[in-house]
Ligand SMILES: Cc1cc2nc3c(=O)[nH]c(=O)nc-3n(C[C@H](O)[C@H](O)[C@H](O)COP(=O)(O)OP(=O)(O)OC[C@H]3O[C@@H](n4cnc5c(N)ncnc54)[C@H](O)[C@@H]3O)c2cc1C
Ligand code: FES
């Protein structure tokens, strides 16, 4: 992250986040926003992070990209899909879970292949206090590792919980103290992320919980943080097409996830009727979680 971006993260507050949201919704001419145009990026490395997730390192410099933001990633012949920025140093990384046609094709790319990306897009996480607890499920842990690195470089004390169904689906640990949970007990604490979150929050050592992963998990994380009087921030996923607030496809209970999010305040999310309840598919049909 460049000096400018690190400065933004230092200065950021919930107020700044709202200002960012307003700015993103302002009427700046699209021609002034090069991040909205696809650029070609060469894959430098494709490493297996676990049995499902591939970590792509791109020949792409985005020093101002911030944790919580995403890129729209595209390969000719496929849909364009939002992917969280998993790191920006020394160059951009994406963690791709191979679950469907687009993600499988991206996950199969080899060094030397090219993909096309637009971004960085969306609202990043913002700093809240200096003691952070990061809670990630599945590939959702990747942007949190980026957040951990940037937060620690800016003086935050960071602890993380990484959860997965089983050992083979765990993501690699990030900087700071790490805890692991698996549903089947094959690594770390047996159970879901809440089994590690509850005791850590009871210690009263945290200013903010940051979470990224399946929406039902994030809902439980936000409720648990609220119960302990701790703030939370989450990263929401909705089907996205334009990625910059024009098509309306990512609407969720009055928000547009691509510009009002993906990073949102946990208590505001809990008050949103769509959060944890439903999302929409490619054709706009409602699907219940
Ligand atoms: C802001 C944002 C950030 C994202 N960041 C990432 C990221 O960093 N890495 C990443 O891999 N994906 C990320 N996604 C999800 C990604 O954009 C796609 O939705 C996902 O890759 C599936 O696309 P597909 O076309 O391959 O499969 P689809 O055809 O959309 O789905 C194929 C099947 O997989 C299921 N499925 C879809 N998504 C998931 C999932 N997440 N887990 C399990 N099953 C699923 C579908 O229900 C369907 O049955 C992000 C989404 C958003 C909105
Ligand atoms: S994806 Fe088009 S408005 Fe959000």
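Annotations for the structure displayed:
- Selection status of residue 147, touching a residue at least 40 places away in the same chain (Cβ under 8 Å), over 22 Å from residue 243 (Cβ atoms) and in the same structural domain as residue 212 (by TED's automatic domain parsing): no
- Among the residues of the range 148-178, those that are outside any loop (DSSP other than H, G, I, E, B), touching a helix residue (DSSP H, G or I) at 6+ places or on another chain (Cβ under 9 Å) and closer than 17 Å to residue 65 by Cβ comprise 150, 151, 153.
- When 260, 207, 265 are checked against the criterion of being surrounded by fewer than 16 Cβ atoms within 10 Å (Cβ to Cβ) and closer than 25 Å to residue 86 by Cβ, a single residue qualifies: 207.
- Every residue from the range 238-256 that is near ligand 1 (Cβ under 8 Å from one of its atoms) and surrounded by fewer than 21 Cβ atoms within 10 Å (Cβ to Cβ): 238, 239
- For residue 77, the conditions (1) modelled with pLDDT of 50 or more; (2) assigned to a helix (DSSP H, G or I); (3) out of contact with any strand residue (DSSP E or B) (no Cβ under 7 Å at 6 or more places or on another chain) are fulfilled apart from (2).
- Considering only residues in the range 228-260 that are within 16 Å of ligand 2 (Cβ to nearest atom) and in a strand (DSSP E or B), the one that is nearest to residue 214 (Cα to Cα) turns out to be 235.
- Condition check for residue 273: under 24 Å from residue 169 (Cα atoms), free of Cβ contacts under 8 Å to residues at least 24 places away in the same chain and not in a strand (DSSP E or B): no
- Members of the range 90-104 found to be more than 13 Å from residue 79 (Cβ to Cβ) and surrounded by 20 or more Cβ atoms within 10 Å (Cβ to Cβ), listed by number: 92, 93, 94, 95, 96, 97
- Candidates 138, 112, 155, 68: the one that is assigned by TED's automatic domain parsing to the domain that holds residue 199 and in contact with a strand residue (DSSP E or B) (Cβ under 9 Å, 6 or more places away or on another chain) is 138.
- Summed over the range 198-227, the residues that are closer than 19 Å to residue 157 by Cα and in a loop (DSSP other than H, G, I, E, B) give a count of 5.
- Residue match in the range 5-21 (condition: modelled with pLDDT of 70 or more, within 16 Å of ligand 2 (Cβ to nearest atom) and within 19 Å of the chain's Cα centre (by Cα)): no
- Tabulated pairs, the range 80-101, first at pLDDT below 95, second within 10 Å of ligand 1 (Cβ to nearest atom), C-beta under 9 angstrom, 6+ apart or interchain: none
- Looking across 118, 93, one residue alone is farther than 14 Å from residue 146 by Cα and within 13 Å of ligand 1 (Cβ to nearest atom). It is 118.
- Selection status of residue 83, within 24 Å of residue 160 (Cβ to Cβ), in a strand (DSSP E or B) and outside the structural domain of residue 265 (by TED's automatic domain parsing): yes
The values are calculated or read from the model by the stated rules, or taken from the named source; none is laboratory data. Predicted model only: the values in this text are computed from it and were never measured. Positions of Cβ are backbone-derived with ideal geometry, glycine not excepted, and every protein chain shown enters the neighbour counts.
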